[in-house]
Amino acid sequence: MILSPMRYKGYAWPHNPRVYSIDYRRTVAEHRNPFNGYQLQDLGASHRVMAGEGEFVGKGAYEEFQKLASVFYDRGPGLLVHPLWQAANAYFVSLRLEQAPRPDYVRYSFEFWEENSLYSGLAVRAAESSQSGGVGGSSSGQAAYHRVVKGDTLWALARQYGVKLSELISLNPQIKNPNLIRVGERVRVR
């Protein structure tokens, strides 16, 4: 089976890297209780980390690595297209030269972090929810509140209501530790 080449922004690998991995991450907070041990709080899925290793071989191998390095220095996220992975908008966060380069052989490793673009669609859904009379009240600019249930986190509430986490924290000065909200607590979401 012949696979299409891996691509990122304007760069296409001349041949695909030989080793790939995808790391799915979840953020979990640990709250220690003096006499009851600890409690874990699921803060939700985080970014995927897509990593791999490869080599450039033959005449111009080091020049090819330099082309890849110039893409690394190009700021901001870009579309990462891999022949087997789901395409993702990602940041090129790591490029490592694994040995002393030679003109005909360069071994390297790389890492991409998927950009979290969840907020773009959530703001629309939250606006639709508030206009249709869902939790959160009306769209007239009045304050809206959410009653915390088991499993809620501020991060998840920010996603649910389409607001930035920093905005949600500033709306709720009564919450001293943003990593810990209690069941039954009233959280202002607008």
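Computed on region 1-116, with alpha-carbon pairs under 8 angstrom and 6+ residues apart, the relative contact order is 28 percent. Calculated mean residue ellipticity at 222 nm for the chain: -6500 deg cm²/dmol, from DSSP H runs with n ≥ 4 weighted as -39500 (n - 2.57), summed, divided by the residue count and rounded to 500. Across the protein chains, with a 1.4 Å probe defining accessible surface, the residues Tyr20, Tyr38 rank Tyr38, Tyr20 from largest area downward.
In the complete set of protein chains, residue-level accessible area for Thr27 is approximately 60 Å², probe 1.4 angstrom.
Set Lys and Arg Cβ to +1 and Asp and Glu Cβ to -1, take the dipole of the chain about its Cα centre, and tell me which of Phe92, Ile169, Ser46 lies farthest positive. So the residue we want is Ile169. What the chain shows is 62 Å² of accessible area per residue, with the surface traced by a 1.4 Å probe over protein heavy atoms.
In region 2-100, Rg over Rh equals 1.15, where Rg is the alpha-carbon radius of gyration and Rh the Kirkwood radius from pairwise Cα distances.
How many lysine pairs are close in the chain, with Cα atoms under 20 Å apart and the two 8 or more places apart or on different chains?
On the way: Lys9/Lys67; Lys59/Lys67; Lys150/Lys176; Lys164/Lys176.
Lysine pairs meeting the criterion: 4.
Rounded to the nearest 10 degrees, what's the angle between the helix 61-72 long axis and the longest principal axis of the chain, both from Cα atoms, 0 to 90? Once rounded, the angle reads 20 degrees.
Give the average over all directions of the projected area of the C-alpha convex hull of the chain, one decimal, in nm². Show your work: numbers first, answer last.
Working: hull surface 63.6 nm².
Averaging across all directions leaves 15.9 nm² for the Cα convex hull.
Sorted into 5 angstrom bins from 0, the C-alpha pair distances of region 23-69 split as 5, 15, 12, 11, 8, 9, 8, 7, 7, 6, 5, 4, 1, 0 percent.
The values are calculated or read from the model by the stated rules, or taken from the named source; none is laboratory data. Nothing here was measured: the structure is a model prediction, and the numbers come from that model. Because the Cβ atoms are built from the backbone with ideal geometry, glycine has one as well, and the counts that use them run over all protein chains shown. These area figures cover heavy atoms from the full protein model, side chains too; ligands, DNA and RNA do not enter into them. Shrake-Rupley method; radii C 1.70, N 1.55, O 1.52, S 1.80 Å.
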